[in-house]
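Here the structure comes first, spelled out in structure tokens, and everything after it is commentary.
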Amino acid sequence: MPTKPRQQFRIREVAERAGVSPATVSRVLNGTAPVRKPKRDLVLAVINELGYRPNRLAANLRRQQVQMIGVVVSDIENPHFTQMVRAVEDSAYLKGFRVLLCNTDEDPAKQREYLGVLIAERVAGAIISPTEASAPEIGELIDNGAAVVAFDRAVSDKRADAVVAANAEGARLATEHLISGGHKRVGFVGGPTGIETGARREAGYREAMAAAKLAPRVARGDFRVEGGERATTELLSQGATALVVANNLMAVGALRAVRHARLQVPHELALIGLDDPPWAELTDPPLTTLAQPVRAMAAAAAELLVGRLEGRRRRRRHEVFSFELRHRGSCCAGPPPPERRIAWPKSGS
């Protein structure tokens, strides 16, 4: 009779073949209690016959011999979070922790489900970039003894540590940079205002425009490529001569819209992006950005988490990192162009 592949056998099947209880098989495998030699030899013979291999990871999780931490990100396709996950995993692994990665796609329902998984798995801690900052499952994680660090966006539960960027300051600096280059019609391609980074970056832009006594021009792109293209198209139709784009995925959409409009950067349109993805230096011209120190922020988040888990720290920490202006070729080349309106083709034409 053909045997099953090794990985398909379970303890119950080993027990049935040996004529013992699953608990006896478990005791033989784990050495948690003595088993008489004849019975032990029989169980080992069946294990060898079936080619059974225990799921050590699952067993260690149940006994908490391998400590797991959860990493919950809002969009794994975003290079910002890809860098963060890599840095956190590097730090955690060296400290003896293993990582469970969860991607919420900016969906509060998906976030709640993944946090429920982390609670059920009894993770030692979690680093969370929240879509829903006030989700009750975050507090439940902490109530169950897990350490929690919010990354990129703070959470409502004040027991959690936080590592964030100075988002309002970064957007304000980008806007001021364009204004100082002579631009008066500066548009802002923003994210959802229900998310902290979206709200804070838009607030910084509006602050700079108000200080210069200029009218704000805002279109929101939901932190996605398609949304960035749509919002940029809207702002160009309003005569914007410069744009601040609030994240790197929307910057891709903005560049698409600019190419479609056949505008020359920076001579006809100046651009600054918030976030500095690896491709920013490869565009023509290279993209001026406000860069976050993502790896340093991720390392700080991992250190805060491990410090809690190792009992070295109890007081809450809220760390804020500044942006760095990386001036390349996409803005402020001479005076801004005269006001112009772009006529877009009607839908379906």
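The values are calculated or read from the model by the stated rules, or taken from the named source; none is laboratory data. Since the structure is predicted, the reported quantities are computational estimates derived from the model, not experimental observations. Reconstructed Cβ throughout: ideal geometry from the backbone, glycine too, with neighbour counts over all protein chains shown.
Against the condition over 17 Å from the mean Cα position of the chain (by Cα) and either within 25 Å of PHE321 (Cα to Cα) or assigned by TED's automatic domain parsing to the domain that holds VAL71 (or both), how does SER237 come out, does it pass? Show your work before the answer.
Working: over 17 Å from the mean Cα position of the chain (by Cα): yes; either within 25 Å of PHE321 (Cα to Cα) or assigned by TED's automatic domain parsing to the domain that holds VAL71 (or both): no.
For SER237, the condition - over 17 Å from the mean Cα position of the chain (by Cα) and either within 25 Å of PHE321 (Cα to Cα) or assigned by TED's automatic domain parsing to the domain that holds VAL71 (or both) - is not met.
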Considering the range 113-128 alone, what residues qualify as being touching a residue at least 24 places away in the same chain (Cβ under 8 Å) and of a type in the set (D, E, K, R)? GLU121, ARG122
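Look at the range 113-140 and say how many of its residues are assigned to a loop (DSSP other than H, G, I, E, B) and hydrophobic (A, V, I, L, M, F, W, C).
Restricting attention to the range 113-140, the residues satisfying the condition of being assigned to a loop (DSSP other than H, G, I, E, B) are 121-124, 129-135.
The next check asks that each one be hydrophobic (A, V, I, L, M, F, W, C); those that pass are 123-124, 133, 135.
Final tally of qualifying residues: 4.
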Please count how many residues of the range 192-211 are touching a strand residue (DSSP E or B) at 6+ places or on another chain (Cβ under 9 Å) and assigned to a loop (DSSP other than H, G, I, E, B). 2
Those residues of the range 212-234 which are assigned to a strand (DSSP E or B) and either surrounded by 21 or more Cβ atoms within 10 Å (Cβ to Cβ) or of a type in the set (Ser, Thr, Tyr) (or both) amount to ALA219
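Of ARG206, ARG200, ARG230, ARG159, which residue is touching a helix residue (DSSP H, G or I) at 6+ places or on another chain (Cβ under 6 Å) and within 27 Å of ARG256 (Cβ to Cβ)? Spell out the reasoning first.
Values: ARG206 fails: touching a helix residue (DSSP H, G or I) at 6+ places or on another chain (Cβ under 6 Å); ARG230 fails: touching a helix residue (DSSP H, G or I) at 6+ places or on another chain (Cβ under 6 Å); ARG159 fails: within 27 Å of ARG256 (Cβ to Cβ).
ARG200 is the lone residue from the list that is touching a helix residue (DSSP H, G or I) at 6+ places or on another chain (Cβ under 6 Å) and within 27 Å of ARG256 (Cβ to Cβ).
So, in the range 91-112, how many residues would count as being free of Cβ contacts under 8 Å to residues at least 60 places away in the same chain, more than 15 Å from the chain's Cα centre (by Cα), surrounded by 14 or more Cβ atoms within 10 Å (Cβ to Cβ) and not in a strand (DSSP E or B)?
To start, the set of residues in the range 91-112 that are free of Cβ contacts under 8 Å to residues at least 60 places away in the same chain comprises 93-94, 96, 98-105, 107-112.
Imposing the further condition that a residue be more than 15 Å from the chain's Cα centre (by Cα) reduces the set to 93-94, 96, 98, 109, 112.
Those still in the list that are surrounded by 14 or more Cβ atoms within 10 Å (Cβ to Cβ) too: 98, 112.
Filter once more, keeping what is not in a strand (DSSP E or B): 112.
Within the range 91-112, residues that are free of Cβ contacts under 8 Å to residues at least 60 places away in the same chain, more than 15 Å from the chain's Cα centre (by Cα), surrounded by 14 or more Cβ atoms within 10 Å (Cβ to Cβ) and not in a strand (DSSP E or B) number 1.
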Give me the residue from the range 147-167 that is outside any strand (DSSP E or B) and charged (D, E, K, R) and, out of that set, surrounded by the most Cβ atoms within 10 Å (Cβ to Cβ). ASP152
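Condition check: in a helix (DSSP H, G or I), in contact (Cβ under 8 Å) with a residue 40 or more places away in the chain and either crowded, with 19+ Cβ neighbours inside 10 Å or in the same structural domain as THR233 (by TED's automatic domain parsing) (or both). Does GLY182 satisfy that? Don't jump to the end; show me each part of the working.
Values: in a helix (DSSP H, G or I): no; in contact (Cβ under 8 Å) with a residue 40 or more places away in the chain: yes; either crowded, with 19+ Cβ neighbours inside 10 Å or in the same structural domain as THR233 (by TED's automatic domain parsing) (or both): yes.
So GLY182 does not fit the description; no.
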Being surrounded by fewer than 21 Cβ atoms within 10 Å (Cβ to Cβ) and part of a helix (DSSP H, G or I) narrows it down to one residue among ALA251, ALA300; which is it? ALA300
